[in-house]
Amino acid sequence: MSENPLAFMMGGSPSDQIVPPKGNATWLTGTASGAMAFIAVFALTLSLALGHLADYWSLDLAQSATVQIVAEGEALDLQTEAALQVLRTTPGVASAEIISDASQIELLTPWLGEGISTDTLPLPRLINVQIADTGLDGESLLLRLKAEAPDASYNDHSFWRAPILEASNRLRLMVAVSLGLTALITVIIVVLSANTALASNQGIIRTLRLLGARDSYIAQAFVRRITLRATFGAGVGMILALIAVLFFPSQPQTSGLLSGLELRGLDWVYPLVVPVLVGISAFVASRMAAHYHLRREI
């Protein structure tokens, strides 16, 4: 017996009346689907947020560099001026500014504590370089710095960018594996729920067969019930996960580990796909389980 897909999802199915609306299988399907959807949505949104954060850090490092000059006395000042002249006349350098000793001490305070003095801790001369979007020729800049300021060293922050990019890629891989395992667990739970529901309603199934009902008609009733419960549970889990996501730190004023940890724009659309995928998986898994169970009971 065929049935309109819209009626299958929205209700009003003639076969819908043959399955008891309550039972352990129904409760298990909805609860498990909600829990799996919560985990999936939270992992997905966290991955998106951390991916944006890693991209922000990587881009920030890619657009900046540091020139360090280690010298003493008058040589330090002379080489600093020479390095600044080289940087400010190099195509691709947006700006070059000296980082003051006070700023360096502020950066070192979390590791070395308060009360640091430049008398006891000699500091190099640091120049913060902002790179234009057009980029610059690093090799040419190194040659000019070596000629004009021999004690200057150029750091393009590639050493720091590599671990960030690697961590971001590994995070995405771990999230993909987690989502795959979550989907697998959801399918297993749906199959077990379908088998439980069919086994606990053997009397109804035998009666329907005696009345001439086909297995496709019987299976349809169980599949619809399980699919709707799984989709509804996944929807609830998605909503709870998004509520949890709303408590993510959002653009704090101070820079730090969680700076920029937020969802943006279309990122909020991706979680809406999770209940749909759960519903499709539940439909396919429960249909296969129902037909297999009914064929076995012939």
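The values are calculated or read from the model by the stated rules, or taken from the named source; none is laboratory data. All figures in this text were calculated on a predicted structure; none of them were measured in a lab. Glycine also receives a Cβ, built like all others from the backbone with ideal geometry; neighbour counts cover every protein chain displayed.
Within segment 213-224, one or more residues are modelled with pLDDT under 85, assigned to a loop (DSSP other than H, G, I, E, B) and over 24 Å from Leu48 (Cα atoms). The residue of segment 263-289 that is modelled with the highest pLDDT, among those that are within 15 Å of the chain's Cα centre (by Cα), farther than 16 Å from Met36 by Cβ and crowded, with 16+ Cβ neighbours inside 10 Å, is Asp267.
Yes or no, residue by residue, for (1) assigned to a helix (DSSP H, G or I); (2) under 35 Å from the mean Cα position of the chain (by Cα):
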| residue | (1), (2) |
| --- | --- |
| Phe38 | yes, yes |
| His52 | yes, yes |
| Thr66 | no, yes |
| Asp77 | yes, no |
| Ala82 | yes, no |
| Val86 | yes, no |
| Glu97 | no, no |
| Ala102 | yes, no |
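Just one residue in the set Gly260, Gly235 is on the phi > 0 side of the Ramachandran plot and either assigned by TED's automatic domain parsing to the domain that holds Leu44 or at pLDDT 80 or above (or both); that residue is Gly260. Only one of the listed residues (Leu179, Leu126, Leu184, Leu192) is over 24 Å from Val284 (Cβ atoms) and of a type outside the set (Asp, Glu). That residue is Leu126. The condition of being of a type in the set (Asp, Glu) and outside the structural domain of Met288 (by TED's automatic domain parsing) holds for only one of Glu166, Glu106, that being Glu106. Of all residues in segment 282-296, those that are in the same structural domain as Leu28 (by TED's automatic domain parsing) have Cβ atoms under 7 Å from Cβ atoms of residues that are modelled with pLDDT under 85 and among the aromatic types (Phe, Trp, Tyr), 6 or more apart or on another chain, in Ser286/Phe222; Ala290/Phe222.
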